[in-house]
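A single structure is presented below for examination.
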Amino acid sequence: MYQAHPALRQPVTAADRVLLEIQRAIVEGDIAPGSKISEPELARRFDLSRAPLREALARLERCHLIERIPNAGARVVRLSTSGLLALYQLRENLEGLACKLAAEHMTDAEITEVRQLLDQHLTSQRVREGESYYQEAGDLDFHYRVILGSKNSYLINILCDELYYLVRMYRVQLGMNGPRVSRAFDEHKAIINAIANRDGELADLLMRRHIAASRRNIEQQLEQMGT
């Protein structure tokens, strides 16, 4: 039976709460890419004292949503073609490996749950009509569930803790639309079928191709934006 990764459990401390709120604001673009981080402004906005705020910002830096620039302070990371390429090269290889391991270690029940998740995605009118394919974080995210299915704690920590929200930032702000929507959904179905058939090599290959196609789709949008 699926269990949520600790990174997405309910907040416990004030720093946990504000981390999730700022994280969501950055991922969804409410705090714009490249914008300067003002601790006093954030403290007022989220009704938080400076100590837990600084703890939250340190954690956001560790998951690459903010960066410290010499003589310029902390800023939200920018979405760029070079950043996308570096991130997706890593993602392609690591998520391919996660699929290969998932084919070995996911239980039949977990595979059934992922298939049910894809059925839920299809019920969205936007997916059916090829308008948009937006996935919520965590257990509603196909990629997240497959990564957990690898049962490899080091891989899960890298992909579900360190890089997950930076990947989501690209996916949410420059997400799929048009023909890529239905193709991406079909690719998800093919990947989980390969995992169910315990064909790790095929699952690995299909995930690598899937992420490469997503990277090209986002890259085109970045080029149109001139970044």
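Given a 1.4 Å probe, how much area per residue of the chain is accessible, in Å²? Don't jump to the answer; show the numbers that get you there.
On the way: 11400 Å² over 227 residues.
Value returned for the chain: 50 Å² of accessible area per residue.
Scale the Cα Rg of the chain by the rule-of-thumb value 2.2 N^0.38 Å and send over the ratio, two decimals.
On the way: Rg = 18.0 Å, N = 227, 2.2 N^0.38 = 17.3 Å.
In units of the globular-protein estimate, the chain measures up at 1.04.
What number, in percent, do you get for the relative contact order of the chain if the mean sequence gap of Cα pairs under 8 Å and at least 6 apart is divided by its residue count? Write down the numbers at each step before the final one.
Working: 286 pairs, mean separation 62.0, N = 227.
Result for the chain is 27 percent.
For LYS189, which lysines qualify as cross-link partners when the Cα separation must be under 30 Å and same-chain residues fewer than eight apart are set aside?
LYS100, LYS151
Sticking with this structure for a sec: Between SER182 and ALA212, 0.36 nm times their residue separation minus their Cα-Cα distance comes to what? Before the final figure, lay out the partial values.
On the way: separation 30, 0.36 × 30 = 10.80 nm, distance 1.59 nm.
Length gained, SER182 through ALA212: 9.2 nm.
Express the carbon and sulfur contribution to the solvent-accessible surface of the chain as a percent, rounded to the nearest whole number, probe 1.4 angstrom.
Numbers: 5620 of 11400 Å².
After summing per-atom areas, the C and S share lands at 49 percent.
Give the accessible area for GLU113 in Å² (nearest 10); use a 1.4 Å probe, count only protein heavy atoms, and leave out ligands, DNA and RNA.
Its heavy atoms expose roughly 30 Å² to the probe.
The values are calculated or read from the model by the stated rules, or taken from the named source; none is laboratory data. It should be emphasised that the depicted structure is a prediction, and the values quoted were computed from it without experimental measurement. SASA here: full protein model, heavy atoms, side chains in, ligands and nucleic acids out. Shrake-Rupley method; radii C 1.70, N 1.55, O 1.52, S 1.80 Å.
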